[in-house]
């Protein structure tokens, strides 16, 4: 099965983009909703993307102070600019966020700057 969008059928075929793969299906008990199949690429994107953002933050913290909210916003703005200039990283963050990873991203970037970055990711998701 080939698809241009994400598809799912009851036989366990999952198509992502132009590729498809077979997955086993869980059963539904007591009217529980099947969460579905989490895209493995999105799961892998989360730690990789967070590591890249953390590296950017470390680099910027050498150049910018972060003692006040204003200074933190400046670092967040510079971080967001770097993310936007790297379409691959930006897409990883958007994808990781859509698979329920926004909370994980915010927790991993456990500081006020992380909250600004998560807000940017939410905005990118809404725009796409």
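The values are calculated or read from the model by the stated rules, or taken from the named source; none is laboratory data. Quantities reported herein were computed from a predicted structural model and do not represent experimental measurements. Positions of Cβ are backbone-derived with ideal geometry, glycine not excepted, and every protein chain shown enters the neighbour counts.
On the given criteria, is residue 61 buried (at least 17 other Cβ atoms within 10 Å of the Cβ), part of a helix (DSSP H, G or I) and modelled with pLDDT under 90? For residue 61, the condition - buried (at least 17 other Cβ atoms within 10 Å of the Cβ), part of a helix (DSSP H, G or I) and modelled with pLDDT under 90 - is not met. Checked against (1) surrounded by fewer than 17 Cβ atoms within 10 Å (Cβ to Cβ); (2) under 18 Å from residue 56 (Cβ atoms), residue 125 meets all criteria but (2).
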